[in-house]
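As structure tokens, the structure follows; a few thoughts come after it.
Values quoted throughout were computed directly from the atomic coordinates according to the rules given, and no laboratory measurement underlies them. Quick caveat: nothing in here was measured; it's all calculated off a predicted structure. When we count neighbours, we look across all protein chains shown, and the Cβ atoms used for this are built from the backbone with ideal geometry, even at glycine.
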Amino acid sequence: MDKDMWLFDCGEATQHQIQKFNGVPLGKLNKIFITHMHADHMFGLIPLMATSFNGMGGQVDEEDENRVQEAQQSKPFELYGPPGLREYVRKSLLLTFTLLGARYVVHELHPDTNPPPPSTTDCHPCEVVGKNIPSVDGIWTSFYADSNIRVDAAPILHSVFSLGFVVTEAPIPGTIDKQAIEPVLLRNKDALKAAGIKNHLSLLGKLQKGEIITLPDGTVLHPPATRQGRKIAILGDTHDASPIATIARGSNLLIHEATNAHLPEFDSAAKNMSLEEHQAWTMSRGHSTPQMAASFANTIDARALAMNHFSARYRADDEVMNTIKALAQGVKNEGEVFCAKDGMTLEVMKNGVVRMKE
Ligand SMILES: [Zn+2]
Ligand SMILES: [Zn+2]
């Protein structure tokens, strides 16, 4: 987004990859969302926090009184994730004697409806104690919201508790057709003045805000139609994401894992398995295939699908990745399919179309 950068999951060496790619401003990072507590989604978190915090610099020495004081006054950096995240961050920072250049807060999404309050003993000096957010009917609705954006979450099936996040932009107001409306207002100018509205053009502002206006001559002006905001679903590891289907429906972009693909020509383990056996094996390990990712994209009517989290058993070259992509394309209804790779930028344009930026 324009002013913010958010990060979803933070595997080992994430900070190095972020720094490697120009145009990804680490200093704008102000929220991190963690899908689940598996190491490959977490092991970059503490190093990244220690390196950079909202442009304020990371690790500080105990002697650096000013920086510590500045940190105490800053708006806290926010982390959202599963139960255990707060303790993991707190203990890791404390045990490694790491002081940060900013305050941070951890909010945990709890599956129970009445979670215990967060522990407030042995906090880290830079920690602001966050909330344990209960789920209601199995989901977390608008657990984060500001005037532009809201985030919902739901649990998805994996070998451990795993979350999917849905980021939704607020409806975008349409534009007023001034050329058509101004003459109508002008026609009513005197009558409006008589009714106490000195400036007939001030009604344009009310219209833009969504008000329906009836003019003295009986003309009814309707506000411009709002356009649906953009929507992105970002899922953690899963072998069945169906619990998030309802809230993820209509996403412009779905980020879904495709850990294992049936590629007998590239993968010796797949040689002795049928397609069905391979899918069952993949699911038994808590993961998905490209076909499963595409099928879920169809279920939620997602326009574009970006697959990630490919097993290290596959070569990350174009030949293999294009084969994986083709497996998903064979299942997916219309819309784009992408295989994610480090440094790739996908833009969800205002018209909802997703395109890869070079
Ligand atoms: Zn993983
Ligand atoms: Zn996992």
Taking a cut-off of 30 Å between Cα atoms, list the lysines near LYS332, but don't count ones fewer than 8 places away on the same chain.
LYS231, LYS271, LYS341, LYS350, LYS357
Taking Lys and Arg as +1 and Asp and Glu as -1, residues besides GLY250 with C-beta under 15 Å from its C-beta add up to +2
Full-extension gain between LYS209 and MET5, please, as 0.36 nm times their residue separation minus the C-alpha to C-alpha distance.
70.6 nm
Tell me the Rg and the Dmax, in Å, that the Cα atoms of segment 178-221 produce.
9.4, 24
Restricting to DSSP H runs of at least four residues, report the calculated mean residue ellipticity at 222 nm for the chain, -39500 (n - 2.57) per run over all residues, nearest 500 deg cm²/dmol.
-7500 deg cm²/dmol
With springs only between Cα atoms under 10 Å, which of ASP177, ASP122, ASP40 fluctuates most in a Gaussian network model of the chain?
ASP177
Distance in nm between pseudo-label sites at HIS222 and GLU358 (7 Å out along the Cβ direction from Cα)
4.3
Any lysines with Cα under 23 Å of the LYS193 Cα? List them, leaving off those in the same chain fewer than 8 positions away.
LYS178, LYS206, LYS209
For the chain, set up a GNM with springs between Cα atoms under 10 Å and report which of ILE156, ILE232, ILE172 has the largest fluctuation.
ILE172
So LEU94 and SER268, fully extended at 0.36 nm per residue minus their Cα-Cα distance, gain in nm 58.1 nm
For the residue pair SER159 and GLU87, what label-to-label distance in nm results when each label sits 7 Å from Cα along the Cα-to-beta-carbon direction?
2.1
Checking the a/c ratio against 1.5 first, then a/b against b/c, what shape does the Cα gyration tensor give for segment 172-292?
prolate
Please find the FRET efficiency linking SER147 to ALA340, where r is the Cβ-Cβ separation and R0 is fixed at 22 Å, and quote it to the nearest 0.05.
0.15
Return the ratio Rg/(2.2 N^0.38 Å) for the chain, where Rg is computed over Cα atoms only.
1.20
Separation of the LYS198 and GLU276 label points, Cα + 7 Å toward Cβ, nm
7.9
Label segment 304-348 by shape, choosing from rounded, prolate and oblate, from the square roots a ≥ b ≥ c of the eigenvalues of the Cα gyration tensor; if a/c is under 1.5 it is rounded, and otherwise prolate applies when a/b is larger than b/c, oblate when it is not.
oblate
Segment GLN69-SER284, length gained on full extension (0.36 nm per residue, minus Cα span)
72.4 nm
Relative exposure of VAL129, VAL331, judged by other C-beta atoms within 10 Å (fewest first):
VAL129, VAL331
If amide hydrogens are placed 1.01 Å from N in the peptide plane, which non-local residues have theirs closer than 5 Å to the one on MET37?
none
Other-chain or far-sequence residues with amide H under 5 Å of ILE197's (modelled H):
none
Could you tell me which residue out of PHE53, PRO125, GLY205 lies farthest along the dipole of the chain toward its positive end? Charges go on the beta carbon: Lys and Arg +1, Asp and Glu -1, centred on the Cα centre.
GLY205
Just order 111-117, 163-169 by mean Cβ neighbour count inside 10 Å, highest at the front, would you?
163-169, 111-117
Where is the GNM fluctuation largest for the chain (alpha-carbon springs, 10 angstrom cutoff): LYS325, LYS28, LYS209?
LYS209
By DSSP, what percent of the beta bridges with both residues in the chain are antiparallel, rounded to the nearest 5?
50
Peptides 102-110, 313-321 ordered by average Cβ neighbours within 10 Å, highest first
102-110, 313-321
